[in-house]
């Protein structure tokens, strides 16, 4: 029973976190923020849509939709590189970087509230559990790809 409860709770938690996170900023949604966070983890601060979709665990089509919206808002540039006209490379703009900088204090308060009352030991155990889930999901994805 606990496995089913945890499984369902993950979806509820994700939905509630997204709704609350969307209230944090009227310029970008939580999912758009995730796209930007993944993009900015790249030392070159640019990535292809395919790379972003793999890292985010989302479809390339959904990532492209978000990137186009962020480009329209002036937060991203989307370009076709000379060496591969089939791919699209996404880069943050100065406007994007400034906007993210302006919300750092809000994000810090948000994170402190979200992790309130968690001990360091609990966080480490939670991280280990999530790492195991990510590993299991990768194995399951490969298995389902082979079957189809």
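The values are calculated or read from the model by the stated rules, or taken from the named source; none is laboratory data. All of these numbers come straight from a predicted model, not from anything done at the bench. Please note: Cβ atoms are built from the backbone with ideal geometry, for glycine as well, and neighbour counts cover all protein chains shown.
From the list 98, 141, the lone residue that is assigned to a helix (DSSP H, G or I) and under 17 Å from residue 34 (Cα atoms) is 98. Looking across the stretch 41-76, the residues that are farther than 24 Å from residue 134 by Cβ and modelled with pLDDT of 95 or more come down to 65, 68, 69, 70, 71, 72, 73, 74, 75, 76.
Could you grab me the full set of residues in the stretch 59-77 that are assigned to a loop (DSSP other than H, G, I, E, B) and surrounded by 18 or more Cβ atoms within 10 Å (Cβ to Cβ)? Quick ask: steps written out before the conclusion?
Here is the first cut: in the stretch 59-77, the ones assigned to a loop (DSSP other than H, G, I, E, B) are 59, 73-75.
Of everything in the stretch 59-77, just one residue is assigned to a loop (DSSP other than H, G, I, E, B) and surrounded by 18 or more Cβ atoms within 10 Å (Cβ to Cβ), namely 75.
For the stretch 78-88, state whether one or more residues are in contact with a strand residue (DSSP E or B) (Cβ under 6 Å, 6 or more places away or on another chain) and not in a loop (DSSP other than H, G, I, E, B). For the stretch 78-88, residues in contact with a strand residue (DSSP E or B) (Cβ under 6 Å, 6 or more places away or on another chain) and not in a loop (DSSP other than H, G, I, E, B): present.
When residue 109 is tested against the conditions (1) in contact with a helix residue (DSSP H, G or I) (Cβ under 6 Å, 6 or more places away or on another chain); (2) over 25 Å from residue 141 (Cβ atoms); (3) not in a strand (DSSP E or B), the lone failure is (1). For the residues 110, 118, the requirement of being surrounded by 15 or more Cβ atoms within 10 Å (Cβ to Cβ) and out of contact with any strand residue (DSSP E or B) (no Cβ under 8 Å at 6 or more places or on another chain) singles out 110.
In the stretch 28-48, the condition of being without any contact (Cβ under 8 Å) to a residue 40 or more places away in the chain, in a loop (DSSP other than H, G, I, E, B) and surrounded by fewer than 11 Cβ atoms within 10 Å (Cβ to Cβ) is met by at least one residue.
Restrict the check to the stretch 77-94 and report whether at least one residue is closer than 30 Å to residue 139 by Cβ and at pLDDT 95 or above. Yes.
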